[in-house]
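Colleague: Quick one: the structure is below, and I'll ask about it shortly.
What follows is calculated from the coordinates using simple rules that are stated; it is not laboratory data. All figures in this text were calculated on a predicted structure; none of them were measured in a lab. Glycine also receives a Cβ, built like all others from the backbone with ideal geometry; neighbour counts cover every protein chain displayed.
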Amino acid sequence: MSDQNANALLGQLLLVSEAITPEELREALRRQESSGQRLGDVLQEMGAVAPRQLERALRAQARLRGRPDSDRAFILVVDDDPEVGAVVGDILQGAGYRVGVAQDEGEALAALLAPEPPGPAAIVLDLGLPQTGGIELLTMLRKMADTHSLPVVVLTGRPDLEENLRERGLSISAFLAKPVSARLLLQVVEAAVREGMQVCPPAQK
């Protein structure tokens, strides 16, 4: 990830968490460009962000920095359980994917909205998220032009919610109940990535 892309992601994470305002981010980016300092250091010097807020955003940035600079497909894993996110990420990385892990809805949106092409080829989404919930996040994604057709594989411990998704008309590539085998997870994600390439070929992303 380039320094510019890293700054874009960090800035987006701080914005969605409402730790800073758009005006503060614009001013910090201006100062960062002229001074060459790290964006986080500039924001702290400005008094725009508390150390704890910055530390949390930097940890999230580290989890999400799987956003690819190569042509390998990037998969965004969204799960509030760090152990599950790490295991799913390891399985996907072992199959050659680039992986970013978001632990809540805000981090997921920051990864999707940061101006860093190319975006994810697919999302592996847990429905039991801590803020508004995975169904609400999926609803939002289906309303946004950039993510309307993005393949989503649901991986959840709530198998009873599959009917809820159908009733709401929320399209997904697959519904998997935890625990799931690595082989099945990879088969489903590979199919979702192929599906996404048919809808939006890489050259158009």
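Colleague: Near the amide H of A102, under 5 Å away, which other amide H atoms are found, from residues 5 or more places off or on another chain, if H is placed in the peptide plane?
Modeller: Amide H neighbours of A102, under 5 Å, 5+ apart: V77, V78, D79.
Colleague: Return the distance in nm (one decimal) between the two label points of a simple spin-label model at R31 and Q4, each offset 7 Å from Cα along Cα→Cβ.
Modeller: My value for the distance between the label points is 2.3 nm.
Colleague: Just want to confirm a number: the relative contact order over segment 66-204, from Cα pairs under 8 angstrom separated by 6+ residues, in percent.
Modeller: It comes to 22 percent, rounded to a whole number.
Colleague: Shifting gears a bit: Along segment 144-153, what does the Karplus equation 6.51 cos²θ - 1.76 cosθ + 1.60 (θ = phi - 60°) give for ³J(HN,Hα), rounded to whole Hz, x for Gly and Pro?
Modeller: Taking θ as phi minus 60°, the curve returns 8, 4, 6, 10, 4, 10, 5, x, 10, 9 Hz for segment 144-153.
Colleague: How large is ³J(HN,Hα), in whole Hz, for each residue of segment 126-135 in order, when computed from phi with the Karplus curve 6.51 cos²θ - 1.76 cosθ + 1.60 and θ = phi - 60°, using x for Gly and Pro?
Modeller: 7, 8, x, 8, x, 9, 8, x, x, 5
Colleague: To the nearest 10 degrees, how steep is helix 82-94 against the longest Cα principal axis of the chain, on a 0 to 90 scale?
Modeller: Orientation of helix 82-94: about 80 degrees from the principal axis.
Colleague: Same structure, new question: Answer with a single label: of [x] 118; [y] 108; [z] 161, which was calculated as volume of the Cα convex hull per residue in Å³ from the structure in view?
Modeller: [x]
Colleague: Highest GNM mean-square fluctuation, the chain, Cα pairs closer than 10 Å: which of S171, S149, S34?
Modeller: Residue with maximal mean-square fluctuation among S171, S149, S34: S34.
Colleague: Now a separate question. Using 0.36 nm per residue of separation minus the Cα-Cα distance, give me the extension gain between R52 and K178 in nm, one decimal.
Modeller: 42.1 nm
Colleague: Another question about this same structure. Where does helix 22-35 land angle-wise versus the long Cα axis of the chain, in degrees 0 to 90, nearest 10?
Modeller: Value to nearest ten degrees: 60.
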